[in-house]
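Before any comments, here is the structure.
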Amino acid sequence: MSKTWSSAASASLKYAIDAVLAVVALLVLSPMILMLTAMLLVLQGRPIFVAHRRIGKNGATFPCLKFRTMVPNADEVLARHLDANPRQKEEWMATRKLKDDPRVTPFGALLRKSSIDEIPQLVNVLRGQMSLVGPRPIVGSEAELYGAHFADYIRVRPGLTGLWQVSGRSDTTYSERVQLDVLYVRERSFFGDLAIMVKTIPAVLRSRGSC
């Protein structure tokens with residue numbers, strides 16, 4: 001096994017491994033997915049899923065799938081909240097997240113705390129739009145925050161989990177997140193990915209880095 005994922009052959013192998021594991025995960029989790037779909041329909045109504053545009057490999061955008069955890073008019077709610085709360089606006093500008101996010105529904109908060117809302121992204125992995133391990137997928141407005149490092153970000157497919165997620169993401173600034181993404185891209189390897197996947201399990205169980 002090659003130490004790094006840098007060669008074309010290694011990248012193809014990485015996708016093959018991703019696809020097989022994604023299929024297995026979807027089969028194992030299918031009862032949970034059906035149960036959550038029913039619960040979301042009862043508690044929140046439609047839509048059950050959301051597909052936000054994210055930037056992927058080579059700068060191509062794709063619909064990143066998630067269970068809906070926010071109110072339907074989330075953008076309007078966020079804008080009003082930030083205008084009325086200068087301190088939280090500073091928090092948002094620094095980290096692109098809020099500890100007390102007014103957009104998140106009560107049930108959605110439970111899903112986000114355990115990262116269960118991201119299970120649908122296994123479909124993105126099957127489509128070749130994401131990898132199991134990689135940088136966190138970003139929206140277009142975040143590209144400028146990466147500066148010159150955006151070139152590193154688009155070298156690989158974004159991941160369902162990654163170095164940032166297992167490093168306590170809620171405790172890091174956005175600039176630290178960028179540095180973690182760059183570190184992953186430049187030093188990525190089969191064994192590195194394996195280590196991140198193993199670390200993801202206790203991180204999720206402890207709700208470490210949830211946001």
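The values are calculated or read from the model by the stated rules, or taken from the named source; none is laboratory data. No experiment lies behind these values; they were computed from the predicted model shown. All Cβ positions, even for glycine, are placed from backbone atoms using ideal geometry, and neighbour counts span all protein chains on display.
The set of residues in the range 83-100 being closer than 30 Å to V42 by Cα and either modelled with pLDDT of 95 or more or not charged (D, E, K, R) (or both) consists of L98 alone. Kindly establish whether R54 is modelled with pLDDT of 95 or more and more than 28 Å from V123 (Cβ to Cβ). Answer is no for this residue.
Considering only residues that are touching a helix residue (DSSP H, G or I) at 6+ places or on another chain (Cβ under 8 Å) and buried (at least 16 other Cβ atoms within 10 Å of the Cβ), look in the range 34-60 and name the one that is farthest from Y184 (Cα to Cα). Top of the filtered list is Q44.
Looking at L122, L132, just one residue is in a strand (DSSP E or B) and touching a Leu at 6+ places or on another chain (Cβ under 7 Å), and that residue is L132. Here the range 148-177 is the region considered, the condition is being in a helix (DSSP H, G or I) and modelled with pLDDT of 95 or more, and the residue that is surrounded by the most Cβ atoms within 10 Å (Cβ to Cβ) is Y153. Of everything listed in (1) outside any helix (DSSP H, G or I); (2) surrounded by 17 or more Cβ atoms within 10 Å (Cβ to Cβ); (3) of a type in the set (G, A, S), the single unmet condition for G108 is (1). Flag not set for V125, criterion: of a type in the set (A, V, I, L, M), free of Cβ contacts under 8 Å to residues at least 40 places away in the same chain and touching a strand residue (DSSP E or B) at 6+ places or on another chain (Cβ under 7 Å). The residue pairs whose first member lies in the range 71-100 and is within 18 Å of I138 (Cα to Cα), whose second member is outside any loop (DSSP other than H, G, I, E, B) and of a type in the set (D, E, K, R), and whose beta carbons are closer than 9 Å, counting only pairs six or more residues apart or on different chains, are T95/R177; R96/E142; R96/R177; K97/E91; K97/R169; L98/E91.
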